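I have a structure I would like to understand better, so I am pasting it below and will then ask my questions one at a time.
No value in this document is a laboratory result; all are computed from the given coordinates. Worth saying up front: this structure is predicted, and the values here are computed from it rather than measured.
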């Protein structure tokens with residue numbers, strides 16, 4: 001992942017080049033895979049005091065070290081401008097709780113601004129290129145600019161929904177400010193349940209960031225220790241607790257739907273009539289913003305992105321009347337659906353839908 005200063009919209013990733021069949025959790029360059037420590041049923045413990053539990057390929061380098069008095073694994077990469085990851089063999093999880101201690105240390109020269117990137121990837125696909133990701137940018141905690149402060153904790157879903165796309169399309173939804181001490185150990189907890197994930201820091205009772213509608217198509221995968229160049233990333237004491245699975249993919253979007261928008265400009269209601277051919281979705285919207293508005297979009301194993309052109313009414317107290325474009329993104333699960341909606345320049349919020357009988 002390239003930094004906001006330098007990276008392009010796509011993740012020029014240096015994560016594991018393990019796309020060949022059967023290679024993800026094994027590498028000729030690492031030690032033989034080791035099982036996690038024994039624990040209660042449904043729990044895995046990775047002490048991360050050595051590198052035997054990690055699958056890495058160049059340029060990612062994993063070392064056993066002591067940092068601030070604690071045994072840990074340090075992840076570094078050769079010079080450049082890219083992210084990288086080490087995957088934990090045997091750490092596969094769908095729903096559950098991931099807990100880990102992590103710390104970040106920048107290695108750029110004094111005076112060079114570099115807020116850092118360190119996090120945990122989950123539901124990592126066997127190709128190690130598709131995964132969900134929560135990451136921290138510790139150097140932004142004390143930034144002098146409020147916009148930078150709002151980029152302390154972030155979510156992405158690689159490779160299709162990187163930071164640039166999510167920030168442009170859904171501002172403020174997938175990133176937030178949070179308090180932590182830069183270059184100190186931070187306790188991270190991630191709760192994953194179906195399409196929802198919550199990120200907690202340092203034992204807080206409330207999440208620092210919550211994602212209702214994970215973008216990734218894979219519901220199950222491994223855990224990855226994720227870092228970036230120009231820094232040292234430290235990880236210790238990782239625990240995984242698996243919980244019962246809550247959702248399945250594949251629900252169809254075709255049909256008739258009652259839809260409600262809850263936005264910062266007020267509630268809106270309408271209906272969708274949709275057809276699907278392969279991944280292509282077409283149909284019509286009727287209700288707030290206009291009747292029989294042509295709808296186009298895509299469907300991917302239950303995930304949908306839809307858009308239509310409408311008219312912002314002069315009777316609405318907020319916004320300038322005139323043509324608008326509405327965008328919807330989210331998941332269909334059986335006879336219901338939900339996600340995010342925005343009406344460009346006018347409204348932002350959430351949508352819910354119920355299939356008509």
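In percent, how large is the relative contact order of the chain, given Cα pairs closer than 8 Å and 6 or more residues apart?
Values: 951 pairs, mean separation 58.1, N = 357.
Relative contact order for the chain comes out at 16 percent.
Give me the Debye-computed log₁₀ of I(q)/I(0) at q = 0.18, 0.25, 0.28, 0.29 Å⁻¹ for the range 67-128, equal point scatterers on Cα only, no solvent, two decimals.
Relative scattering, expressed as log10 I(q)/I(0), comes to -0.89, -1.34, -1.47, -1.50.
Follow-up. Using 5 Å bins from zero, what percent of all Cα-Cα pairs in the range 255-355 falls into each bin?
Calculated P(r), rounded to whole percents: 3, 14, 26, 29, 16, 8, 3, 1, 0.
When the scattering of the range 43-243 is computed by the Debye formula from its Cα atoms alone, each counted once and equally, what is log10 I(q)/I(0) at q = 0.18 Å⁻¹?
-1.35
Could you give log10 I(q)/I(0) at q = 0.11, 0.13 Å⁻¹ for the chain, computed by the Debye formula over C-alpha point scatterers of equal weight, without solvent?
-0.77, -1.02
Taking the convex hull of the alpha carbon atoms in the range 145-289, what volume per residue do you get, in Å³? Walk me through the intermediate numbers first.
Working: hull volume 26.6 nm³, N = 145.
Considering the Cα atoms of the range 145-289, their hull volume per residue is 184 Å³.
Further question: Starting from the Cα-Cα distance between residue 254 and residue 344, subtract it from 0.36 nm times their residue separation and give me the gain in nm to one decimal. Write down the numbers at each step before the final one.
Values: separation 90, 0.36 × 90 = 32.40 nm, distance 2.52 nm.
Residue separation times 0.36 nm, minus the Cα-Cα distance, leaves 29.9 nm.
May I ask for the Rg/Rh ratio of the range 131-189, computed from Cα atoms with Rh as the Kirkwood radius, given to two decimals?
On the way: Rg = 11.8 Å, Rh = 12.0 Å.
Radius of gyration relative to Kirkwood radius: 0.98.
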